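One structure is given here, and the rest of the page talks about it.
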Amino acid sequence: MSAWLRQHRRAFGAALRRLARAAGVLSALVIGVALALPAGSYALLESLRGVSAGLTLEPQISVFLPLEAKRSDIEALRSRLRGDARVGTVRFVSREDALKELKQVQGISEVVAAIGRNPLPDAFVVSAKGEGVESLAADLGRLPGVAHVQADAAWARRLAALERIGRVGLALLAALLGAALVAVTFNTIRLQILTQRDEIEVSKLIGATDAFIRRPFYYFGLLQGLAGGAIALGIVAGALALLNLEVRPLAESYGSAFRFAFPAAADALAIVLFSGGLGWLGAQLSVSRHLRDIEPT
Amino acid sequence: MVSFSAVVKRYPGGQEALRDVSFSVDAGELVFLTGRSGAGKSTLLKMIPAIERPSSGSVIVNGQNVGALKRAAIPYLRRNLGLVFQDQKLLHDRSVYDNVMLPLSFSAHAPREAARRARAALDKVGLLAREKANPIQLSGGEQQRLAIARAVVNRPAVLVADEPTANLDAESAARVLDIFVAFNQVGVTVLIASHDQALVERYGKRVLHLREGRIA
């Protein structure tokens, strides 16, 4: 085994032993709890996104005909709508049916009776496939025999906006708690440097390089971060399992098989590596801040 | 091997610890440095491993100008020196054996070779039987001998000792100095500071006397 490898193995071993002490385990736990919050929020958000994507999310467009439209106009428009590749389902609502629906709304029937004639036009309710609801609505509005088009895209936009708010909140949370992780590592390593002051001073006196002295602290920061990330995933897995116990009967009552899902393997790995990287950063900051202070005199 | 020329050490505030110190120690020589406390002995010795740097003048150790050495080069200078301090600077959180192993861990010897060297060094100072003890359990003389073992384990060409006998009884002091003499006899250059003029003169070696920062 090469000398270089032996030195790294030695530093790694020293870092691992320090992490196994009570203080190291506690710090890793603190990091795990802090990271469980953004990691868990991410899992919830991803699960909900799966649901909203699976629902009939395609916004509906109401296409109204003129009041004087004849049966032949209706059939002509129906075949044009069916022929458009961007259009999903097409449902015809006759003016008589619309009036019946309106009469069922409490308080409206008297108003309708007062008007004396049916004020409602015939209409098609179509769904859009995929994106571009607004442009489809505009195109439909230009078709012959169409009096008015109403695109019901507002609620879809609101849902997307809510999701964006959720993501921004998640990013903020992750940034804040990531900073906390760096701070925790910074402080843990500061305390370690203080308690090992004698060893560091003696080592410098008898010929240890800075790299040799720094190495175990870097490994410690990295390992503590990785351990914290793994603990966070454990907490998320436990929390999701508990939530799913309650979610299952609720979802089944709606005829849904919805469950909160644990992050995908790649995402879980990214969380652990991200945490390890931040730990390493905290170690780097702490070591360069505190190690220079210890010079033998 | 060690050569000072016109070395001045001035501390911030204008206090001068060393004033125009020039001397040289040949390879294989043993030289005592005497003088009262405050005469500048420690300051002088600390310049050899670049713990202190001269304000002016030059310190040459093994052909290297120590005063001009880059920070990153200092560890490699120190590995070729054996340093023994007045307060020993032992680590009390580990055994006698592990204290001696410390310098070997930086230079990455194979584990078996490192263990062999550590035991050989302990054997030379008569502490092999105490290798599992904690330094705190050792007597003052034993602690100083342990410090010597740690200093010689890397087989340095130069041994530098600052008051190694300061807090020892006469018998322990003589034993410690005998160990330095034994290393000198196998070719190691040795420089020892001591305030005990009488003890030093018994060895019949060259003595440099420092008074108020000058070689007298």
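Only the coordinates and a few stated rules stand behind these numbers; no lab work does. A quick note: this is a predicted structure, and the numbers were derived from the prediction, not measured. Note that each Cβ is placed from the backbone with ideal geometry, even for glycine, and that neighbours are counted across all protein chains shown.
Placing a pseudo-label 7 Å from each Cα along the Cα-to-Cβ vector at B:Glu212 and B:Asp87 gives an inter-label distance of 2.9 nm. Return the FRET efficiency for the residue pair A:Arg158, A:Asn244: r is the Cβ-Cβ distance, R0 is 41 Å, and the value is rounded to the nearest 0.05. Efficiency, from the Cβ-Cβ distance: 0.90. Here the relative contact order of chain B, from alpha carbon pairs under 8 Å that lie six or more residues apart, stands at 32 percent.
Ordering A:Gly130, A:Tyr254, B:Val158 by the projection of their Cα atoms onto the charge dipole of the protein assembly as shown, which places +1 on the Cβ of Lys and Arg and -1 on the Cβ of Asp and Glu, puts B:Val158 at the extreme positive end. The Kirkwood hydrodynamic radius of chain B, based on inverse pair distances between different Cα atoms, is 17.7 Å. Set against the 2.2 N^0.38 Å expectation for a compact globular protein, the protein assembly as shown has a Cα radius of gyration ratio of 1.74. Counts of other chain beta carbons within 10 angstrom of each beta carbon in peptide B:147-156 average 1. Other protein chain C-beta atoms within 10 Å of residue C-beta, averaged over B:19-29: 0. Summing charges over all other residues whose Cβ lies under 13 Å from the Cβ of A:Gly166, with Lys and Arg as +1 and Asp and Glu as -1, gives +2. Per-residue shielding of B:43-54, expressed as the average number of other chain Cβ atoms within 10 Å of the residue Cβ, stands at 1. The packing ranking of peptides A:215-228, B:94-107, highest mean first, is A:215-228, B:94-107, where packing means the average number of other beta carbon atoms within 10 angstrom of each residue. Straight Cα distances below 17 angstrom link A:Lys129 to the aspartates and glutamates A:Glu58, A:Asp84, A:Asp139, A:Asp152, with same-chain residues fewer than 8 positions distant left out.
Around the amide H of B:His195, modelled in the peptide plane, lies no amide H under 5 Å away from a residue 5 or more places distant or on another chain. What percent does the relative contact order of chain A come to when contacts are Cα pairs within less than 8 Å and at least six residues apart? Averaging sequence separation for qualifying contacts and normalising by length gives 31 percent for chain A. Normalising the Debye intensity of segment B:127-192 to I(0), with uniform scatterers on Cα atoms only, and taking log10 at q = 0.12, 0.16, 0.28 Å⁻¹ returns -0.29, -0.53, -1.33. Each of A:Gln60, A:Pro121, A:Ala151 was scored by the projection of its Cα onto the charge dipole of segment A:60-152, and the greatest displacement toward the positive side belongs to A:Pro121; charges sit on the C-beta of Lys, Arg, Asp and Glu. The aspartates and glutamates whose alpha-carbon is closer than 14 Å to the alpha-carbon of B:Lys70, local same-chain residues fewer than 8 away aside, are A:Asp210, B:Glu52. Counted by Cβ distance under 12 Å from B:Thr34, the other residues give a net charge of +2, where Lys and Arg count +1 and Asp and Glu count -1.
With R₀ set to 25 Å, the beta-carbon distance separating A:Glu252 from A:Leu45 gives a calculated FRET efficiency near 0.65. Would you list the membrane-span-like helices of chain A, meaning whole DSSP H runs whose alpha-carbon atoms span at least 15 Å along their axis and whose mean Kyte-Doolittle value is at least 0.5? Answer set is A:22-54, A:154-195, A:210-253, A:265-290. Here segment A:60-152 yields Rg over Rh of 1.01, to two decimals, using C-alpha coordinates and the Kirkwood radius. For B:Ser56 and B:Ser139, the FRET efficiency from 1/(1 + (r/R0)^6), where r spans their Cβ atoms and R0 equals 45 Å, is about 0.60. Our note on the geometry: Cα centres of segment B:123-194 and segment B:42-75, 24 Å apart. Straight-distance candidates among the lysines for linking to B:Lys132, with alpha-carbon spacing under 30 Å and chain neighbours fewer than 8 residues away dropped: A:Lys204, B:Lys89, B:Lys124.
Taken over chain A, the ratio of Cα radius of gyration to 2.2 N^0.38 Å equals 1.67.
Looking at chain A, which longest stretch skips every one of the GluC sites (Glu not before Pro) that is in a DSSP loop with at most 12 other Cβ atoms within 10 Å, leaving the sites themselves out? After excluding every exposed loop site, the longest remaining stretch is A:132-297.
Run the paramagnetic zone check for B:Arg112: 7 angstrom along Cα to Cβ, then residues of segment A:1-41 with backbone nitrogen under 13 Å. Hits in segment A:1-41 for B:Arg112 at 13 Å: A:1. A simple count of charges around B:Tyr11, restricted to other residues whose Cβ falls under 13 Å of its Cβ and scoring Lys, Arg +1 and Asp, Glu -1, yields +3. For A:Arg78, project a label point 7 Å along Cα to C-beta. Then give me every residue of segment A:91-127 with its amide nitrogen under 20 Å of that point. It comes to A:91-101, A:120-127, nothing else. A crude spin-label estimate for the pair A:Val25 and B:Leu128, with each label 7 Å from Cα along the Cβ direction, gives 4.1 nm.
In this simple spin-label model, placing a label point 7 Å from the Cα along the Cα-to-Cβ direction at both B:Glu16 and A:Leu176 gives a separation of 6.3 nm. Short-range pairs are left out: with C-alpha atoms under 8 Å and at least six residues apart, the relative contact order of segment A:60-152 is 52 percent. Loop-located chymotrypsin sites (Phe, Trp or Tyr not before Pro) across segment A:226-297 with a Cβ neighbour count of 10 or fewer within 10 Å are A:Tyr254, with loop assigned by DSSP.
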